[in-house]
Each structure stands twice: as C-alpha cells, then as structure tokens.
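**Student:** Okay, handing you the structure first.
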Amino acid sequence: MDDLRRELAPISTAAWEAIDAEARAHLEVTLAARRIVDFTGPLGWAASAVSLGQVQVLAAPPHEGVQAALRRVQRLAELRAPFELSRRELDSISRGSKTPDFEPLRRAARAIAIAEDRAIFHGYPDAEIEGICQASEEFSLTLTRDYQKYPLVVSEALARLRTNGVSGPYAIALGPECYKGLTGTATSGGYPVLEHVKQLIGGPVFWAPGVRGALVASQRGGDFELVVGRDLAIGYGEHDATSVKLYIEESMTFRVLSPEAAVPLVYR
C-alpha cells in the first residue's frame, strides 16, 4: 500500500479510470505555466528539496582548524485540494453510466491547477517561491484596456526580450481579462486582434486563468524551472455510507533562473 491509499477506497477499477480521466482533462485545460517553464521530475514523494548549488558559511567552526558550511536548498511545498464524491454516483459508473456527477472533482482540479500557476507566475512567499512576474518586474510593461492597441504592447515586449539577448521561440500567457478582451476585439478593418498577436508571437498564445494581466516569455529553455516531487495525483482519505473523501495532491517548488527571459504585462 502506498501513501495515496487508493486500494482502500470503495471505488471500482472502472470508477478510478473515470475519475483519473476527468481530472486529467480539466488539469490539462487549466494548467498554463507548464507550457512555458522547464519541468524537472517527478522526483517522487520522498523528495523534499532541490539543491541551489550554494553554501552558507557557518560562523562557529566545529573544531579548531576546521571550516564548515551548510548547503542551501529550496524546499518543496505540498499542495492538496480535497473533494468528496457520492458513492451512488461512483457505483453508477460500474453499471455503465457515462454522466456521473463529477463537479466536486472538477472544482478541485481547477483549484489546484490555478494554485500551481499562481505560485509560478506570481509567487508564493509562504512556500519560499518567487514568481516570474515578481522576478521580472523591472522588465514589465503597462497594459491598456484598449485591445486594438494590444499588439503594440506585445511588440514592445518582444523587442525588450531581444534587447536582453533572449532568443525565441516565444509564448504569451493571457489572463482571463486579457483573453476575453482580445477574443472580442477586431481592428478597424475587421481583422481579429488575437490573430495579430499570434502572428507577432510566432508561438503559443494560451488562456492562463492563474495569471493576472499577461506574460510574454521565451520558451528556449533553461530560464524557469518547475521541480516536482509527486506530480498531480488523486488519493483516498476516508468514506462513510454515502460519500468518499478524496484529494488531488502534488509536491513542487519553482525557480526563476533568468528574470530577463520574461516580460510581465500589467494592468496598473
């Protein structure tokens, strides 16, 4: 038995497959930062920290003539989103149901995906994570809500990356407000502004509900690192006669290695 304890749950193999497939579908839609950053792992649930390659010299030596230093590490944070499913709904899957009520699972998947993205884009100080937008703040540009002018801001962001010596390919992550504004706006000649932005970027343009504003970044690699111990997985908590308590869990941390490789676009 592993620590996810799935074999103890009163859930059939068919129901587990349906649960995993539903979670995967919603995580893939919502997770955005993973499309930009490097992914290291999964290192396993036992992994607790990632080496920073640095040491802190200790003032008090352990013995005369001996120097001492502590290696610096960045600890992994554990994220967990609990949810509860009806046993009646789960049992219906074994009878052939294709439409079980998985809304609690969908909410949990969306919540943990946004939590990961916000930590990557905007940081999570309590978990010792500095986000891309924080680390790259000095390169940020101000966004306008006149979406016909949006391509000008994107062009300036790309120019800033190239001036910083950052090569492509490039990508842009659009927060909900930006995505809605761009998809609903056309130039005076009727050309969709979103298509203009796609041509400028020359790479992925995607919806990112965890980012505030938008972010233009390089995908060349080596600039941003997501380190994962356990990748997103579903575990079992407990059950009673009517429901089963489950959770989606991961362990992770994030590092910005090259702040100049991103340009945050910010509403001020």
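Values in this text are rule-based calculations from the coordinates and carry no lab data. Since the model is a prediction, treat every value here as computed from it, not as a measurement. Note that we place each Cβ from the backbone using ideal geometry, even for glycine, and neighbour counts take in every protein chain shown.
**Student:** What's the exposure ranking of 87, 230, going from fewest to most Cβ atoms within 10 Å? Provide the component values of the computation, followed by the final result.
**Tutor:** Numbers: 87 16, 230 22.
If I rank by nearby Cβ atoms, fewest first, I get 87, 230.
**Student:** How big is the charge dipole of the range 149-206 about its Cα centre, in debye rounded to the nearest 20, if each Lys and Arg gets +1 on its Cβ and each Asp and Glu gets -1 on its Cβ?
**Tutor:** Numbers: 5 positive and 3 negative charges, 17 e Å.
Roughly 80 debye for the range 149-206.
**Student:** Now for a separate question. According to the Cα gyration tensor, what semi-axes, each the square root of 5 times an eigenvalue, does the equivalent ellipsoid of the range 184-230 have, listed from largest to smallest in whole Å? Could you put the intermediate results ahead of the total?
**Tutor:** Values: eigenvalues 172, 36, 12 Å².
Here the semi-axes work out to 29, 13, 8 Å.
**Student:** What does the charge count around residue 204 come to, taking other residues whose C-beta lies under 12 Å from its C-beta (Lys +1, Arg +1, Asp -1, Glu -1)?
**Tutor:** Numbers: positive: 34, 35, 198; negative: none.
Once positives and negatives cancel, what remains is +3.
**Student:** For a test of the definition: using alpha carbon positions, the gyration tensor, and the 1.5 limit on a/c, classify the range 1-114 as rounded, prolate or oblate. Write down the numbers at each step before the final one.
**Tutor:** Working: a/c = 4.15, a/b = 2.57, b/c = 1.62.
Prolate, since a/c reaches 1.5 and a/b exceeds b/c.
**Student:** Here's another thing I want to ask about it. Work from the charge dipole of the chain (Cβ charges, +1 for Lys and Arg, -1 for Asp and Glu, about the Cα centre) and give the residue of 66, 122, 50 farthest towards its positive end.
**Tutor:** 122
**Student:** In sequence order, what are the phi-derived ³J(HN,Hα) couplings for the range 250-265 according to the Karplus relation 6.51 cos²θ - 1.76 cosθ + 1.60 with θ = phi - 60°, rounded to whole Hz, with x for glycine and proline?
**Tutor:** Taking θ as phi minus 60°, the curve returns 8, 10, 7, 8, 8, 10, 9, 9, 9, x, 6, 8, 9, 10, x, 10 Hz for the range 250-265.
**Student:** Please list, in chain and number order, the residues 5+ apart from residue 262 or on another chain whose amide H is under 5 Å from its amide H, with Hs placed from the backbone.
**Tutor:** none
**Student:** Can you give the calculated 222 nm mean residue ellipticity of the chain, where each DSSP H run of n ≥ 4 adds -39,500 (n - 2.57) and the sum is split over every residue, rounded to the nearest 500 deg cm²/dmol? Please list the in-between numbers first.
**Tutor:** On the way: 7 runs with 81 residues, N = 268.
It lands at -9500 deg cm²/dmol.
**Student:** With +1 assigned to the C-beta of every Lys and Arg and -1 to the C-beta of every Asp and Glu, and no other charges, what is the dipole magnitude of the chain about the Cα centre in debye, to the nearest 20?
**Tutor:** Details: 29 positive and 34 negative charges, 137 e Å.
That gives the chain a dipole magnitude of about 660 debye.
**Student:** With the Cα gyration tensor of the range 168-262 giving a ≥ b ≥ c as the square roots of its eigenvalues, does the rule (a/c under 1.5 for rounded; else a/b larger than b/c for prolate; else oblate) give rounded, prolate or oblate?
**Tutor:** On the way: a/c = 3.90, a/b = 1.63, b/c = 2.40.
Oblate shape, in that a/c is at least 1.5 and b/c is the bigger or equal ratio.
**Student:** Right, here's the next one. Can you sort 6, 162 by how many other beta carbons sit within 10 Å, fewest first?
**Tutor:** 162, 6
**Student:** Next up: Could you count how many Lys pairs in the chain have their Cα atoms under 25 Å apart, skipping same-chain pairs fewer than 8 positions apart? Write out the running numbers ahead of the final one.
**Tutor:** On the way: 98/245; 149/180; 149/198; 180/198.
Close lysine pairs under the 25 Å cut-off: 4.
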